[in-house]
1. Could we say that His160 is modelled with pLDDT of 95 or more and in contact with a Lys or Arg (Cβ under 9 Å, 6 or more places away or on another chain) here?
2. Within region 162-182, which residues are within 24 Å of Asn91 (Cβ to Cβ), among the hydroxyl-bearing types (Ser, Thr, Tyr) and in contact (Cβ under 8 Å) with a residue 24 or more places away in the chain?
3. Yes or no: Arg95 open to solvent by 40 Å² or more (accessible area, probe 1.4 Å) and modelled with pLDDT of 95 or more?
4. Conditions: (1) within 26 Å of Glu216 (Cα to Cα); (2) of a type outside the set (Gly, Ala, Ser); (3) assigned to a helix (DSSP H, G or I); (4) open to solvent by 50 Å² or more (accessible area, probe 1.4 Å). Asp125 meets all but one. Number of the miss?
5. Of everything in region 211-241, what is open to solvent by 50 Å² or more (accessible area, probe 1.4 Å) and under 19 Å from Ala167 (Cα atoms)? Give them in sequence order.
6. With respect to Asp94, determine if the residue is touching a residue at least 12 places away in the same chain (Cβ under 8 Å) and among the acidic types (Asp, Glu).
7. Can you confirm whether region 162-172 contains a residue that is within 11 Å of the chain's Cα centre (by Cα), closer than 23 Å to Ala239 by Cβ, charged (D, E, K, R) and surrounded by 15 or more Cβ atoms within 10 Å (Cβ to Cβ)?
8. Provide a single number: the residues in region 15-51 that are buried (at least 16 other Cβ atoms within 10 Å of the Cβ) and in a loop (DSSP other than H, G, I, E, B).
Amino acid sequence: MIHNQDRVILIHEGKEYYVTAGAGKLSTDKGMIDLSLLPGMEGGEIIPSHLGTPFLIRVPRPTDFFCHARRTGAPMMPKDIGMVCALTGMNRRDRVLDAGTGSGVAAIFFGGIAEHVTTYEVREDFAERCRKNIADAGLENVEVITGDVLTAEGAYDVVHFDLHITADHVRYAHRLLTPGGYLACYTPFLEQTFTVIDTARDLFSEVVCHELLARELTRSERGTRPSTRVGHTGYITIARKN
């Protein structure tokens, strides 16, 4: 059930409107929608505009927040976040440390899986935006801390870095990880990737680097072929502690 102040997506003829339930009215070229009617409704129901135009109600999932949440920079792509979740075996018992929060997109995905997520962001303006996005996602198990992750304390099952990674970050993550835990480092450039690999292989029992590639298929009347858009996004290095 949708509650007051929940984020909701309204859809008509493929166009999406990212709105807040209970917050005034939405003006569209298909009429006005009274958003105060949304609390108590369910995803999949129809809400009409004052002109009778039907809008489909969608309750957002993490993929929707990737598209609609306000950004402070370029977030990780969902396919790359999925690789982190899959290769670390992230699950409902895990305590996750995330750093390089940005808009909080990765933290939102992790928060839907793990027991608890602590995410660090050095910029206060970025951290504040992330807090608002986390609140919009309705996650109470994600904590946003403004500060340097190298001051973090505690024990974590998964540590994820999406920032300018140094050898100190890799060594610090090793200290914080529980036995059998995983470090996942996203790096856009090979030079940072080499820093992660060269440091991790002296500390961790398993170190594997993956290039992140994906290509969509384009289908038309002429035929079907891979999209010509760039499919490479970066590298994920996964290291496991004994």
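The values are calculated or read from the model by the stated rules, or taken from the named source; none is laboratory data. In this text the structure is predicted, and so the values were computed from the model without any measurement. Neighbour counts run over all protein chains shown; Cβ positions are idealised from the backbone, glycine included. Side chains included, ligands, DNA and RNA excluded: accessible areas come from the protein's heavy atoms. Shrake-Rupley method; radii C 1.70, N 1.55, O 1.52, S 1.80 Å.
1. no
2. Thr178, Tyr182
3. Yes, satisfied.
4. (1) is the only condition that Asp125 fails.
5. Arg240
6. yes
7. No, that holds for no residue.
8. The total comes to 6.
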